[in-house]
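Read through the structure below, which is laid out as structure tokens, and then see the notes.
The values are calculated or read from the model by the stated rules, or taken from the named source; none is laboratory data. These numbers were taken from a predicted model, which means no experiment stands behind them. Using ideal geometry, Cβ is built from the backbone for each residue, glycine included, and neighbour counts are taken over all protein chains shown. The protein model used for the area step is the full one, side chains on, heavy atoms only, and it has no ligands, DNA or RNA in it. Shrake-Rupley method; radii C 1.70, N 1.55, O 1.52, S 1.80 Å.
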Amino acid sequence: MNINSKLFGTNGIRFIPGDDYDLEFVLNIGLSIGTFFRGADIVIGYDGRRSSPSLVNAISAGLMEAGKNVFAAGMVPTPALQLITQNSNFDGGIVITASHNPPQYNGVKVISTDGIELSRKDESLIEEIYFNHKYNRKNWNDVGQIHTYSSALDNYIDSIINNVDSTLIKNRKLKIVIDSGNGTQSLSAPLLTELLGCNVVTLNSHIDGNFSGRGGEPTPKTLDLLSKSVIEYDADLGVGYDGDGDRSIFCDENGNVFWGDKSGTLIAQHLINKGMNSPIVTTIATSQIIDYVALDNHVDVHRTKVGSVDVSHKMKELDSIFGFEENGGCLYSPHIAVRDGGMATALMLEMLSSSEKSLSEHIEMLPKFYQLKTKFSCPVESRASIIDGISSVLTEKIDTTDGLKIWWDDSSWSLIRPSGTEPIIRLFSESNNESQLESVTKRCSTLIEDLIKNL
Ligand code: MG
């Protein structure tokens, strides 16, 4: 990681403790964040990674040295911490998590008083404090104190239940298989769905900092067991979460796992049916299906850079009720305008309870598009030159909102962009024509591979 000027990536600060940085770094990050926040009370939570408890203590020490009172919420899903930061009027929040990254990683997410991750501008202010050592250190008499805040999980589950029609869901008596991926939704999703009257089967639903079940990232590839279990238990649906519980990937009753484009669009359509007419916010990496569904219902769609932080801030700006990402992030602002796997699950249950249709029947009704996703290992410092190299040989229409989005025709595109958190380049392609999809994906893959080979 290049630490000379930047600490924050797409979603917080990410690093391998003891390898990239030691605890002194983490303590100084705590001091920098404590110096940045004006108010006195900061709430902090963490995910189930092995390094999380030590990082929480180092960050808390830094915050207290900067005069902040620390409210320790313990191990919670990221959205639960964000919700209490908003609802309990804290002056800021911190989550120690590296989300879906491999177990050796960890990270720091900084939450502003409205529960949303800091703006890019505020992240730069913390970086400026850190790199220039402009810490506001307090003397022995003015250092902050530490308190326990134990009701985060209860408040979180209550808020989700209050934001759906729980009677409707209970009456439908759905059976759901939950794969928490050994992450923090283990602490809330099984209870939440039971309270919503579901018959619940759990997989990988104990906390394990090594994510030894199926890893911390839910994708159609890693959710094989979920898919099989939904069929085996004759369930109505399945859901898999990422390590810190903010993303959810669903599976229909036939065991077909689908990306967040489809689940996000189904939830958006359900909310539109309930009367929502505010703009829908999503990223440039999501499928065109949302455009077709929204257009049919005269609802606007706004696209941002990839990253839920950009989606959250755009939602706030537009007074939007719903936003989503292709990776399974769903954001529902009446609860909180940040992505939340638990809220997405409750909305999906509400959608299914609104009719007798099965999840596969709902999916079947969406416009048909085909997608391919792949990734290439590439050193962080070379990614920009690869993107430039591709751009220089293309004559097609290009959107540079984030990386390169190449429009091959009206309904086929490829997006090539560096990951914000890992040394890889991602390639997504979509088309309404399967052979066109294969050919554009092959063309992009060859371009990327040749450029990487010649580095
Ligand atoms: Mg996450």
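Return the residues of the stretch 373-427 that are among the aromatic types (Phe, Trp, Tyr) and touching a strand residue (DSSP E or B) at 6+ places or on another chain (Cβ under 6 Å); say none if nothing qualifies. Matches in the stretch 373-427: Phe376, Trp407, Trp413.
Only residues that are under 23 Å from Thr113 (Cβ atoms) and touching an Asp or Glu at 6+ places or on another chain (Cβ under 6 Å) were counted in the stretch 326-339, giving 1.
Here Asn204 passes the criteria (1) free of Cβ contacts under 8 Å to residues at least 60 places away in the same chain; (2) within 16 Å of the ligand (Cβ to nearest atom); (3) crowded, with 24+ Cβ neighbours inside 10 Å except the one numbered (3).
Going through Pro17, Pro53 one at a time, which residue ends up being open to solvent by 30 Å² or more (accessible area, probe 1.4 Å), closer than 30 Å to Glu325 by Cβ and without any contact (Cβ under 8 Å) to a residue 40 or more places away in the chain?
On the way: Pro17 fails: without any contact (Cβ under 8 Å) to a residue 40 or more places away in the chain.
Going through Pro17, Pro53 in turn, the sole match is Pro53.
Within the stretch 72-108, the residues that satisfy the criterion of being more than 13 Å from Asp244 (Cα to Cα) and open to solvent by 30 Å² or more (accessible area, probe 1.4 Å) are Ala72, Gln86, Asn87, Ser88, Asn89, Asp91, Gln104.
Taken over the stretch 109-150, the criterion of being of a type in the set (Gly, Ala, Ser), closer than 30 Å to Cys330 by Cβ and open to solvent by less than 40 Å² (accessible area, probe 1.4 Å) is satisfied by Ser112, Gly115, Ser119. Within the stretch 393-409, restricting attention to residues that are open to solvent by 50 Å² or more (accessible area, probe 1.4 Å) and touching a residue at least 24 places away in the same chain (Cβ under 8 Å), the residue that is nearest to Gln288 (Cα to Cα) is Asp409. The helices (runs of 4 or more DSSP H) found entirely in the stretch 231-345 that carry 2 or more residues being within 16 Å of the ligand (Cβ to nearest atom) and out of contact with any Lys or Arg (no Cβ under 6 Å at 6 or more places or on another chain) are 260-273, 308-318.
Can you find, within the stretch 207-230, the residue that is modelled with the highest pLDDT among those that are among the basic types (Lys, Arg) and surrounded by fewer than 17 Cβ atoms within 10 Å (Cβ to Cβ)?
Just the residues of the stretch 207-230 that are among the basic types (Lys, Arg), to begin with: 214, 221, 228.
Retained after the next criterion (residues that are surrounded by fewer than 17 Cβ atoms within 10 Å (Cβ to Cβ)): 221, 228.
Numbers: Lys221: 90, Lys228: 98.
Top of the filtered list is Lys228.
Is it the case that some residue within the stretch 382-392 is of a type in the set (Lys, Arg) and either open to solvent by less than 60 Å² (accessible area, probe 1.4 Å) or not in a strand (DSSP E or B) (or both)?
Yes, the stretch 382-392 has at least one match.
Give the residues of the stretch 56-89 that are without any contact (Cβ under 8 Å) to a residue 60 or more places away in the chain and either among the aliphatic types (A, V, I, L, M) or closer than 20 Å to Val338 by Cβ (or both), sorted by residue number. Once the filter is applied, which keeps residues that are without any contact (Cβ under 8 Å) to a residue 60 or more places away in the chain and either among the aliphatic types (A, V, I, L, M) or closer than 20 Å to Val338 by Cβ (or both), the stretch 56-89 yields Val56, Ala58, Ile59, Ala61, Thr85, Asn89. Inspect the stretch 152-167 for any residue being open to solvent by 90 Å² or more (accessible area, probe 1.4 Å), touching a helix residue (DSSP H, G or I) at 6+ places or on another chain (Cβ under 8 Å) and either part of a loop (DSSP other than H, G, I, E, B) or of a type in the set (S, T, N, Q) (or both) and give the result as yes or no. No, every residue in the stretch 152-167 fails to be open to solvent by 90 Å² or more (accessible area, probe 1.4 Å), touching a helix residue (DSSP H, G or I) at 6+ places or on another chain (Cβ under 8 Å) and either part of a loop (DSSP other than H, G, I, E, B) or of a type in the set (S, T, N, Q) (or both).
Counting the residues of the stretch 412-455 that are open to solvent by less than 40 Å² (accessible area, probe 1.4 Å), of a type in the set (S, T, N, Q) and within 16 Å of Ser392 (Cα to Cα) gives 2.
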